[in-house]
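The values are calculated or read from the model by the stated rules, or taken from the named source; none is laboratory data. Treat the numbers as computed from the prediction; the structure is a model and nothing was measured. In this analysis, Cβ positions are derived from the backbone assuming ideal geometry, glycine residues included, and neighbour counts consider all displayed protein chains.
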Amino acid sequence: MAARNPGMKLDLEWVSKVRVNTQAVLKRAQHIQGQKIPKKQWQAAWLLKAVTCIDLTTLAGDDTPSNIHRLCLKAVQPIRYDLLKKMDMHNKGVTTAAVCVYPSRVGEAVITLKAANSSLPVASVATGFPAGQTPLETRLQEVRMAVAHGASEIDIVINRKLALAGQWEAMYDEIHQFREACGDAHMKTILAIGELGTFTNIYKASLVAMMAGSDFIKTSTGKEVVNATYPVAIVMVRAIRDYYLFTGQKVGFKPAGGIRTAQESLLWFTLIKEELGNDWLCPHLFRLGASSLLADIERQIYHHVTGQYPAYHELPMA
Ligand SMILES: O=C[C@H](O)COP(=O)(O)O
């Protein structure tokens with residue numbers, strides 16, 4: 001992970017001045033979606049890069065120790081060994097960026113990864129994920145618990161009520177407390193953009209989250225009706241860029257929710273490269289939060305290597 005974002009004092013004047021031009025954002029997003037994606041070996045290389053940026057996620061009510069175990073093993077060996085060998089990438093340490101689970105499952109993930117001799121980080125959602133509708137003390141306790149069980153990354157959710165009411169000071173204070181509860185664990189702040197109403201509000205929430213010390217800002221929990229979209233991403237990454245220009249601090253970006261295809265992952269790279277530049281094209285500053293993207297990426301890599309698409313049983317845990 002990159003150096004921590006220490007945050008800054010809440011600058012309410014900056015926040016209050018924010019206005020987002022909706023038409024310009026939509027036009028820019030349309031332009032990015034119309035970009036050509038790389039083909040052949042260049043596509044395969046970018047897809048492997050995408051794998052290394054995935055927070056391989058399971059956030060389901062029926063998560064058990066056995067599917068956490070399988071998820072972790074898949075994160076450690078995300079692409080079949082023989083496929084990597086054919087690409088001469090078998091000894092390059094291709095893994096996902098992290099696994100992402102509920103707080104109660106962190107201990108199981110830590111044990112599995114340790115047994116597999118892997119230093120892959122375990123990320124935990126916290127703070128009453130996905131709705132954030134539990135008392136503050138409970139939310140803080142949850143962060144501390146996940147860290148105590150071995151999570152080194154915490155994905156917090158913001159209190160949407162505060163963002164919708166423009167209570168930026170209160171939102172800043174809560175996120176700041178979460179940051180303290182995280183200790184050395186890196187903090188990703190989920191804005192749940194599908195519930196924030198306007199682009200202007202999303203930009204303001206991004207800014208306040210970064211001022212309060214978020215190391216990443218993340219679009220969604222994957223549980224809202226609207227999750228990661230390109231227009232929203234433009235708004236968030238521009239807030240990241242402006243924050244960087246003002247403070248010199250590089251904050252990461254994590255689109256999450258509904259990202260399912262290899263093609264989408266390539267478009268996300270295009271967006272990041274065009275809006276933030278090459279520095280952000282690495283797992284320290286860019287993550288894809290996804291529960292079922294890896295299957296399609298592995299499928300496309302299989303096709304690249306063999307010229308055919310695999311049957312379902314040919315890719316483990318696809
Ligand atoms: O944080 C990650 C999201 O929960 C993943 O959402 P997804 O299941 O739609 O990929």
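List of remarks:
Each row is one residue, and each column tells you yes or no for (1) modelled with pLDDT under 95; (2) surrounded by 23 or more Cβ atoms within 10 Å (Cβ to Cβ); (3) at positive phi; (4) among the hydroxyl-bearing types (Ser, Thr, Tyr).
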position: CYS182; (1), (2), (3), (4): no, yes, no, no
position: ILE190; (1), (2), (3), (4): no, yes, no, no
position: GLN249; (1), (2), (3), (4): no, no, no, no
position: THR270; (1), (2), (3), (4): no, no, no, yes
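- Across segment 41-59, the qualifying residues are those that are within 13 Å of the chain's Cα centre (by Cα) and not in a loop (DSSP other than H, G, I, E, B), and the one among them that is surrounded by the most Cβ atoms within 10 Å (Cβ to Cβ) is LEU56.
- When residues of segment 86-109 are limited to those that are aliphatic (A, V, I, L, M) and surrounded by 21 or more Cβ atoms within 10 Å (Cβ to Cβ), the one farthest from THR189 (Cα to Cα): ALA109
- Every condition in (1) surrounded by fewer than 15 Cβ atoms within 10 Å (Cβ to Cβ); (2) within 16 Å of the ligand (Cβ to nearest atom); (3) acidic (Asp, Glu) is met by GLU153 except one, and the failing one is (1).
- VAL99 fulfils the conditions (1) in contact (Cβ under 8 Å) with a residue 60 or more places away in the chain; (2) outside any helix (DSSP H, G or I); (3) closer than 27 Å to VAL305 by Cβ except for a single criterion, (1).
- Segment 72-99, residues that are in contact with a Leu (Cβ under 7 Å, 6 or more places away or on another chain) and not β-branched (Val, Ile, Thr): CYS72, LYS74, ALA75, PRO78, ARG80, MET89, HIS90, ALA98
- ALA24 being under 22 Å from the mean Cα position of the chain (by Cα) and among the small types (Gly, Ala, Ser): no
- Conditions (1) over 25 Å from MET89 (Cα atoms); (2) loosely packed, with under 13 Cβ neighbours inside 10 Å; (3) not small (Gly, Ala, Ser); number of the one not met by VAL18: (2)
- Within segment 212-318, strands (runs of 3 or more DSSP E) holding 2 or more residues that are within 16 Å of the ligand (Cβ to nearest atom) and touching a Phe, Trp or Tyr at 6+ places or on another chain (Cβ under 9 Å): 216-218, 252-254
- Inter-residue pairs, beta-carbon under 6 Å, first closer than 20 Å to LEU48 by Cα and in segment 250-276, second part of a helix (DSSP H, G or I) and within 11 Å of the ligand (Cβ to nearest atom), 6+ apart: ILE259/LEU293; ARG260/LEU293
- Among the residues of segment 65-85, not a single one is modelled with pLDDT of 95 or more, within 30 Å of ARG160 (Cα to Cα), within 16 Å of the ligand (Cβ to nearest atom) and loosely packed, with under 12 Cβ neighbours inside 10 Å.
- Among the conditions (1) within 15 Å of the ligand (Cβ to nearest atom); (2) surrounded by fewer than 22 Cβ atoms within 10 Å (Cβ to Cβ); (3) part of a loop (DSSP other than H, G, I, E, B), the only one that GLY194 does not satisfy is (3).
- For TRP168: the one exception among (1) in contact (Cβ under 8 Å) with a residue 60 or more places away in the chain; (2) closer than 22 Å to LEU285 by Cβ: (2)
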